[in-house]
Structure formats: C-alpha cells, structure tokens
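Trainee: Below is one structure. I have some questions about it.
The values are calculated or read from the model by the stated rules, or taken from the named source; none is laboratory data. As the structure is a prediction and not an experimental result, all values here were calculated from the model. Quick reminder, even Gly has a Cβ in these numbers, built from the backbone with ideal geometry, and neighbours come from all protein chains shown. Heavy atoms of the whole protein, side chains included, go into the accessibility calculation; ligands, DNA and RNA do not. Shrake-Rupley method; radii C 1.70, N 1.55, O 1.52, S 1.80 Å.
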Amino acid sequence: MEAIKEHKGLVFPLNRTNVDTDQIIPKQFLKRIERTGFGQFVFYNWRFDDNGNKREDFALNKSQFAGTSVLLAGENFGCGSSREHAPWALLDFGFKVIIAPSFADIFYNNALKNGIILIKMEESQITEWMKEAENGAFYLSIDLEKQEIQDDEGNAVHFDIPSYHKEKLINGWDDIALTLLNEDKIKAYEEATQA
Amino acid sequence: MSKPKTVIEKIWEKHVVHQEEDKPDLIYIDQHLVHEVTSPQAFEGLRLNNRKVRRPDLTFATMDHNVPTKNRDVVKDEISRKQMETLRKNCEDFGIKLADMFHPDQGIVHVIGPQLGLTQPGKTIVCGDSHTSTHGAFGALAFGIGTSEVEHVLATQTLMQEKPKTLNVHVKGDLGPGVTAKDLILAIIAKFGVKFGTGYVMEYTGEAIRNLSMEGRMTVCNMSIEGGARAGLISPDEKTVEYLRGREYVPKGEAFDKKAEEWLALATDEDAVYDKTVVINAEEVEPQVSWGTNPSMCVPISGTTPSLESVKEHKEDVKRALEYMGLEENQPITSIEIDHVFIGSCTNSRLRDLQNAAEIIKGKKVKDGIKAIVVPGSFTVKLEAEKLGIDKIFIDAGFEWRDSGCSMCLGMNDDIVPAGGRCASTSNRNFEGRQGNGARTHLVSPEMAAAAAVEGHFVDVRKFKSGVLS
Ligand code: SF4
C-alpha cells in the first residue's frame, strides 16, 4: 500500500445515498483474478447503457469531471457485498479520497487497506460542497496530518479520523507484516487454546 | 459474581490474541471459509510475499458463485472457468480442502458450513463474503471480510478488528401463522433502515427468535448485513445443539456432550447490558414484499408503494427506485405482476425452505409465461429433497429443478433475469442490476414466491392457503 499524506483534487459530487458495491462494480466484472484493471468498470451501469455506449446524462461522463480524484457521496456509501473489487475499481479510476456522512463497515476496512482516504463529514457540509462541485472546477485539498480539508478560497474544515487509521495511511503500513511481528503471541494463543 | 455478559463479549474475549491501546484488537479466527470470487488476489498476495497459509486445517473452500446450475460440466464463460481453476490450483498448492463443483459437499458456502458442522457456537468464522453473518444463527461470531483481510487470515489466522458495539434486536411476541423468518427480517430492516446496525454486532433475542427453526434463524442472521451490521447472532440453545449433533465436523459421543455444555454456557447472561436495543413486535409482522432497490424499501403485502409526497428524506432516491422498478407511487403490492420466480440463495435454499414452498405449490401450476427455478443450496439439500419427492412437486408444477449454487441471486453464471424482467426472489438483495442488468427484484419468502408463481402477481400467502384470495 502506498503512503499518502495529503491530496488535492477535483471533486465529483455523487448525490445518492446507500450506494452499494453492486453499483460501484457490477458482478460481471468480478471474474478477474488480479487486483488491477477494474477502474474502467467503476459505476458501470450508470456510466454506460446496455450497448456499452456512454450515458451523456451521468455527470461522471462529462468533460468537466475528467481527472476527478475526490468523491463526495451520500450516507452509507459502500453498503452490500464485501467485494474488495469496489475500492480497487475506485482507486484504479483515480479516486484517492472519498467524503461521505457515513460508510458501510466492510467497505471502510477494504478501502483503508488500499490506501484510500475515507472521511466522515457532516451531511450539511457535504450538501454545501455538492452544490459548489455541481458544475466542475471545484477542488478540495486534504491534509491528513492536520486533519483538515481546504477549498480554493482557503476555507478550512476539520475532520476526525481514528489515529490508528491515520498512522496507517501516512506510513503505508502493511497489516500482515505488522501482525507477523506478533507471531509469537499467535503461537502462544494456539498452544493455550489447542486451536 | 462476575459481570453479566452478552454472547458477543464472551466470544470476543476468548479470541483476543493481542491488545494495544488505541489499536484494534488482534483476534484469532477459528474457521475460514473461502470461495472462488474473493480469494484469487489473496493467494496471489501470499505468493508475491513468499508466505504460507498458517492453518490450512482451519480453512475450507468451495465453488458457488460461478457454477452452472444445469449442465454442470459446461462452463461457457472462459473467465468463470479460469476463476474456478485458479481456486483449485490455490487449494492444491496451499493444502486446503476444497469441495469443488462435483464434490458431494459442494454448495453455497453459507449453506454447507452449518450442514457439515464446521459452523459451531463460540467460533469466530470469516469468509470473503458479506453474508457470512448467516453462521451467527449458531451463536458463532461470523462476519464478511474483504480480500486483503482474506489474505491476512490465510497468512496469520488472525484479524485486526475493533471490538464491536453490541445491539440487541429484540423481537416481542411470536409470529402469526403463515408469517416466516424472512418476513420478520425484512420487516426489521424496513423499520430500522439499512444502516442501523453499522458498527454493531446484532444479537436477535425474544420469543419469536427462540421459536424459529435453525433454518429460520439462519435466514434472519443472513440478512444482518442488509441492516448494516457485519455480524448478527443468536445465543445457542438446545435447538442449536440438536441441529449439530452427528454432523461430520463436530466431536462425537461424550466429547460432543462436553462441547455442548460449553456452547450452552455462551448464551447471553441475564441482565447483560447492550450498547443499544431496538424492539419490534412480531405479532404485527405481515408477509413482506420489497418494492424498491434496497432491502429497507419493503412493505407488507397489504400495502402499497410509497407516495412521494409522504417521503421526507432522500425523496430523489425513492423516485429513482420507483423509476428503476417500473412502478407507480401508491401502487398496491398485489397488483405487481411478475415474470420470474427464483427460489434459492443462502437466505432461503435449505431443505425446509424448499419444503415450505413445495407445500404451497403442490398440485398447482406455475402461471403461463413465468420462468420459475428452484436452486437448492447444496448438493446434499438437493439429494435430500429428491429423496422426499420434493423435486417432483416443483417439476410437476412447472418449475425447473437445478443443481446447487448462488445462481440467480447475483447472476454470475447464466441464470440471469433479463432487463426489464421482474422477479419474485427469495434472495437478500434487490439492488439495481443485481439479478441482471436492468432486472427488477422483489424480495419475498419462499412461500410468497411460490404463491406468486401460481397467481402471476403477489398475493397474501395466508389467504392463498385458505383458498380465498379477495
Ligand atoms: S447466494 Fe447470493 S448472497 Fe448468498 S453467497 Fe451466493 S451470491 Fe452471495
């Protein structure tokens, strides 16, 4: 996992609640056996019609959002299936930061393990940003160390993030390597419980 | 006396390997279940880092999502086949037991775990699949994980997890006649929403829950994730013990009785305190039908789709859901006509589910123009049903009788609802495109699905049984 400390990016507003992982990456694209190459399929059924043509009415297809990397979404983002293909697809497409009032538990863990910054933010603030971002050309700068988000006019908002998650993102830590440092404890547990 | 505890806390405390301040706990995993869709990248990660599977003996794999349910040996989709071959190779290389497509133990991972007795009270059970919560019916702490976590468990047999908060979902009173476990869980999600369980592990308590069969309990726990909770469980009792007695992977003889005592002691103590409690009255629950594109968009069979005027929050989402589903506002549920019926999935594909549906369909015919399929949850379920002649009841009525797998629950194989098609489905998710691009899903119980198959539209199965529909 790559370390990430700060990020500035073009904001894409996805004004929908309960966006499930079936929407983020439909099942027909789950058959790959690699972690890469899922970006082209992100939000597939919203971006493309049945014949595979781009839907003009879906904002992510519009030129003013080309190169977007900060996703704003409604509550309970990432609910449903546990497929990690969802964060893989979002990351591969270019999203490095997702801001929403709340995230589903499994998605939250999955995204974090792939170095996506997830920020929980009050709905009123998100609604405000959604409006500003509607027509494109709206940028936010995220500073993980300071736990602060700034718009181009210098307005800054603080955000909370569990310190452990913050550390992990900033250092790009690999959970398995960290856990294996405690291998003696795992062994002791197995011996004690005869697991 | 020590502080009274919930079953959740008891299991957690027994599994902590390591604790540090301000960090998630490191917990031990007793049983790891693996399927073909969410595991390839995890094994790839092991290889890249030269790591082994720490406990192949605590790991069990099957193929369920991609498998064909007719003509088993013809996997048309090249990529599907590659995914299943990859699992076979990974299991061989890392020494993991695999129930492949043709193995007698094959089935949907959440059906075979309990069936084989791999699922046991007090265990921590994980799988790269959100419906792992199903195994909670046995008083196990079971939850879905992502592929990075699958790799973590393979390599270390542990997971880093925040200690969950506890949520008591208390069901008062008992369900009325003709009302099922599926109706109960749909009503719970309709009442409290798709995220009331986020951050919690749910425990279902109360008379109605105690009275449910183990199959019914699995149906309820299965859909905990649809209420936002990673895990949902039920304190073990005598029913749990009896269900497990004699199963392949449980201890035998005296050792079993000793185990059973341990299991029963796990039940939540009287006076244990939960972080949150919600209450629902079982007596008020009617048969349910979902009308929208998430499982909380669900009403009693006597109800209608919502009127937009009455919707206070996220009106746009409700509007979009009605549009996607091709429904009007205020439309009576009984007026919704269907063209597909799917009886199956890890929610409702066990022997008892099939028996219940067969009872409704017996001697009747599926209405013309409806494609109806039954997909047993495992090979074993299929064989047992055939022994009882249940396959014949379905086939005589006009259903297709298939081999086991996930099938039309998510349509990763050929079992797809076409765009614009409308399906009465006993599965757990009615998301846009879930059963096929543009497909419309209505979540119901097996009984309600069977009655809809006969009538061509949704009906109150209680009236259907009595023969008086209006
Ligand atoms: S039956 Fe459906 S919900 Fe259950 S494991 Fe298979 S795909 Fe997932």
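Trainee: Could you pull out the residue among A:Ile98, A:Ile106 that is of a type outside the set (Lys, Arg) and assigned to a strand (DSSP E or B)?
Mentor: Of A:Ile98, A:Ile106, the one residue that is of a type outside the set (Lys, Arg) and assigned to a strand (DSSP E or B) is A:Ile98.
Trainee: Restricting attention to the stretch A:1-33, report how many residues are of a type outside the set (Lys, Arg), over 23 Å from A:Ala133 (Cβ atoms) and within 7 Å of chain B (Cβ to nearest Cβ).
Mentor: 4
Trainee: If you don't mind, another one. Considering only residues that are assigned to a helix (DSSP H, G or I) and farther than 18 Å from A:Arg32 by Cβ, look in the stretch B:58-91 and name the one that is farthest from the ligand (Cβ to nearest atom).
Mentor: Per the stated criteria, the residue is B:Leu58.
Trainee: Can you run down the residue pairs with Cβ atoms below 9 Å, 6 or more apart or on separate chains, where the first is in the stretch A:62-82 and away from chain B (no Cβ under 11 Å) and the partner is away from the ligand (no atom under 16 Å from the Cβ) and polar (S, T, N, Q)?
Mentor: That search, which allows pairs on different chains as well, returns A:Gln64/A:Asn135; A:Leu72/A:Asn15; A:Ala73/A:Asn15; A:Ala73/A:Thr17.
Trainee: Mind listing just one residue for me: the one in the stretch B:197-215 that is more than 12 Å from chain A (Cβ to nearest Cβ) and open to solvent by 10 Å² or more (accessible area, probe 1.4 Å) and, of those, farthest from the ligand (Cβ to nearest atom)?
Mentor: The qualifying residue farthest from the ligand (Cβ to nearest atom) is B:Glu207.
Trainee: How many residues does the stretch B:280-292 hold that are open to solvent by less than 20 Å² (accessible area, probe 1.4 Å) and not in a strand (DSSP E or B)?
Mentor: Total satisfying the criteria: 5.
Trainee: Kindly evaluate B:Asp317 against the criterion of being more than 16 Å from the ligand (Cβ to nearest atom) and either part of a loop (DSSP other than H, G, I, E, B) or surrounded by fewer than 17 Cβ atoms within 10 Å (Cβ to Cβ) (or both).
Mentor: no
Trainee: With the condition kept exactly as written, say whether any residue in the stretch A:46-55 is in a loop (DSSP other than H, G, I, E, B) and more than 12 Å from chain B (Cβ to nearest Cβ).
Mentor: Yes - at least one qualifying residue is present in the stretch A:46-55.
Trainee: Does the stretch B:1-37 hold any residues that are in a loop (DSSP other than H, G, I, E, B), open to solvent by 10 Å² or more (accessible area, probe 1.4 Å) and in contact (Cβ under 8 Å) with a residue 60 or more places away in the chain, and which are they?
Mentor: Result: B:Pro4, B:Lys5, B:Lys23, B:Pro24, B:Asp30.
Trainee: Test B:Leu118 against the criterion of being in a loop (DSSP other than H, G, I, E, B) and within 16 Å of the ligand (Cβ to nearest atom), and give yes or no.
Mentor: Yes; evaluated as a whole, the condition is true for this residue.
Trainee: Considering A:Leu112, A:Leu91, which residue is at pLDDT below 95, surrounded by 19 or more Cβ atoms within 10 Å (Cβ to Cβ) and within 30 Å of B:Glu36 (Cβ to Cβ)?
Mentor: A:Leu112
Trainee: Can we say B:Leu266 is over 22 Å from the mean Cα position of the chain (by Cα), aliphatic (A, V, I, L, M) and modelled with pLDDT of 95 or more?
Mentor: The answer is yes for B:Leu266.
Trainee: When the stretch B:406-425 is examined, which residues are found to be more than 10 Å from the ligand (Cβ to nearest atom), open to solvent by less than 10 Å² (accessible area, probe 1.4 Å) and assigned to a loop (DSSP other than H, G, I, E, B)?
Mentor: Once the filter is applied, which keeps residues that are more than 10 Å from the ligand (Cβ to nearest atom), open to solvent by less than 10 Å² (accessible area, probe 1.4 Å) and assigned to a loop (DSSP other than H, G, I, E, B), the stretch B:406-425 yields B:Val417, B:Gly421.
Trainee: Could you check the stretch B:440-470 and list, in sequence order, the residues that are touching a residue at least 60 places away in the same chain (Cβ under 8 Å) and surrounded by fewer than 24 Cβ atoms within 10 Å (Cβ to Cβ)?
Mentor: First pass over the stretch B:440-470, keeping only residues touching a residue at least 60 places away in the same chain (Cβ under 8 Å): B:440-462, B:464-465.
Matches in the stretch B:440-470: B:Val454, B:Glu455, B:Gly456, B:His457, B:Val459, B:Asp460, B:Arg462, B:Phe464, B:Lys465.
Trainee: Quick one: count up the residues across the stretch B:358-379 that are more than 16 Å from the ligand (Cβ to nearest atom) and either surrounded by 15 or more Cβ atoms within 10 Å (Cβ to Cβ) or of a type in the set (Val, Ile, Thr) (or both). Can you show your working first?
Mentor: Looking only at the stretch B:358-379, we keep the residues that are more than 16 Å from the ligand (Cβ to nearest atom), and these are B:358-372.
Imposing the further condition that a residue be either surrounded by 15 or more Cβ atoms within 10 Å (Cβ to Cβ) or of a type in the set (Val, Ile, Thr) (or both) reduces the set to B:358, B:360-361, B:364, B:366-367, B:370-372.
Number satisfying all stated conditions: 9.
Trainee: Still on this structure, please answer the following. So which residues in the stretch B:24-48 are more than 8 Å from chain A (Cβ to nearest Cβ) and closer than 24 Å to B:Met412 by Cα, if there are any at all?
Mentor: Across the stretch B:24-48, the qualifying residues are B:His32, B:Leu33, B:Val34, B:His35, B:Glu36, B:Ser39, B:Ala42, B:Phe43.
Trainee: Considering each of B:Asp391, B:Asp403 in turn, give the residue that is within 16 Å of the ligand (Cβ to nearest atom) and either open to solvent by 10 Å² or more (accessible area, probe 1.4 Å) or of a type outside the set (A, V, I, L, M) (or both).
Mentor: The unique qualifying residue is B:Asp403.
Trainee: Kindly establish whether B:Phe192 is within 14 Å of another protein chain (Cβ to nearest Cβ) and of a type in the set (Phe, Trp, Tyr).
Mentor: yes
Trainee: Identify all residues within the stretch B:49-93 that are away from chain A (no Cβ under 12 Å), buried (at least 20 other Cβ atoms within 10 Å of the Cβ) and either more than 30 Å from A:Leu178 (Cα to Cα) or of a type in the set (A, V, I, L, M, F, W, C) (or both); write none if there are none.
Mentor: B:Val53, B:Phe60, B:Ala61, B:Met63, B:Asp64, B:Val67, B:Pro68, B:Thr69, B:Cys91
Trainee: Further question on the same structure: Return the only residue of A:Asp174, A:Asp160 being open to solvent by 30 Å² or more (accessible area, probe 1.4 Å), within 10 Å of chain B (Cβ to nearest Cβ), touching a residue at least 24 places away in the same chain (Cβ under 8 Å) and not aliphatic (A, V, I, L, M).
Mentor: Working: A:Asp160 fails: within 10 Å of chain B (Cβ to nearest Cβ).
Checking each option against the conditions leaves just A:Asp174.
Trainee: Determine whether A:Phe41 is open to solvent by 30 Å² or more (accessible area, probe 1.4 Å), more than 11 Å from every other protein chain (Cβ to nearest Cβ) and under 13 Å from the mean Cα position of the chain (by Cα). It would help to see each step written out before you state the result.
Mentor: Working: open to solvent by 30 Å² or more (accessible area, probe 1.4 Å): yes; more than 11 Å from every other protein chain (Cβ to nearest Cβ): yes; under 13 Å from the mean Cα position of the chain (by Cα): no.
When the stated conditions are applied, A:Phe41 does not pass them.
Trainee: Further question: Give me the residue from the stretch B:403-425 that is closer than 19 Å to B:Val194 by Cβ and modelled with pLDDT of 95 or more and, out of that set, farthest from the other protein chains (Cβ to nearest Cβ). Spell out the reasoning first.
Mentor: Step one: list which residues in the stretch B:403-425 are closer than 19 Å to B:Val194 by Cβ, which gives B:409-410, B:425.
Now drop any that are not modelled with pLDDT of 95 or more, which leaves B:409, B:425.
On the way: B:Cys409: 10, B:Ser425: 14 Å.
Among those that are closer than 19 Å to B:Val194 by Cβ and modelled with pLDDT of 95 or more, it is B:Ser425.
Trainee: Is it the case that B:Val179 is more than 10 Å from chain A (Cβ to nearest Cβ), more than 26 Å from B:Leu264 (Cα to Cα) and either among the aromatic types (Phe, Trp, Tyr) or open to solvent by 10 Å² or more (accessible area, probe 1.4 Å) (or both)? Spell out how you get there, then give the answer.
Mentor: Values: more than 10 Å from chain A (Cβ to nearest Cβ): yes; more than 26 Å from B:Leu264 (Cα to Cα): yes; either among the aromatic types (Phe, Trp, Tyr) or open to solvent by 10 Å² or more (accessible area, probe 1.4 Å) (or both): yes.
Spelling it out, B:Val179 is indeed more than 10 Å from chain A (Cβ to nearest Cβ), more than 26 Å from B:Leu264 (Cα to Cα) and either among the aromatic types (Phe, Trp, Tyr) or open to solvent by 10 Å² or more (accessible area, probe 1.4 Å) (or both).
Trainee: Can you say whether B:Asn348 is open to solvent by 10 Å² or more (accessible area, probe 1.4 Å) and among the polar types (S, T, N, Q), as far as the supplied structure shows?
Mentor: Considered against the rule, which asks whether it is open to solvent by 10 Å² or more (accessible area, probe 1.4 Å) and among the polar types (S, T, N, Q), B:Asn348 comes out as no.
Trainee: Of all residues in the stretch B:146-160, which are facing another protein chain (nearest Cβ under 9 Å) and closer than 28 Å to B:Ala260 by Cα?
Mentor: Of everything in the stretch B:146-160, those that are facing another protein chain (nearest Cβ under 9 Å) and closer than 28 Å to B:Ala260 by Cα turn out to be B:Gln157, B:Thr158, B:Leu159.
Trainee: Tally up the residues in the stretch B:104-113 that are part of a loop (DSSP other than H, G, I, E, B) and in contact with a strand residue (DSSP E or B) (Cβ under 7 Å, 6 or more places away or on another chain), please. Show your work before the answer.
Mentor: Pass one, the stretch B:104-113, residues part of a loop (DSSP other than H, G, I, E, B): B:104-106, B:108.
Still in the running and in contact with a strand residue (DSSP E or B) (Cβ under 7 Å, 6 or more places away or on another chain): B:105-106, B:108.
Residues flagged as part of a loop (DSSP other than H, G, I, E, B) and in contact with a strand residue (DSSP E or B) (Cβ under 7 Å, 6 or more places away or on another chain) within the stretch B:104-113 amount to 3.
Trainee: Okay, moving on. Yes or no: the stretch B:92-105 includes at least one residue that is of a type in the set (Gly, Ala, Ser) and under 20 Å from B:Glu400 (Cβ atoms).
Mentor: Checked the stretch B:92-105: no residue is of a type in the set (Gly, Ala, Ser) and under 20 Å from B:Glu400 (Cβ atoms).
Trainee: Out of curiosity, is B:Met101 within 16 Å of the ligand (Cβ to nearest atom), open to solvent by 10 Å² or more (accessible area, probe 1.4 Å) and outside any helix (DSSP H, G or I)? First the steps, then the outcome.
Mentor: Details: within 16 Å of the ligand (Cβ to nearest atom): yes; open to solvent by 10 Å² or more (accessible area, probe 1.4 Å): yes; outside any helix (DSSP H, G or I): yes.
Yes: the conditions hold for B:Met101.
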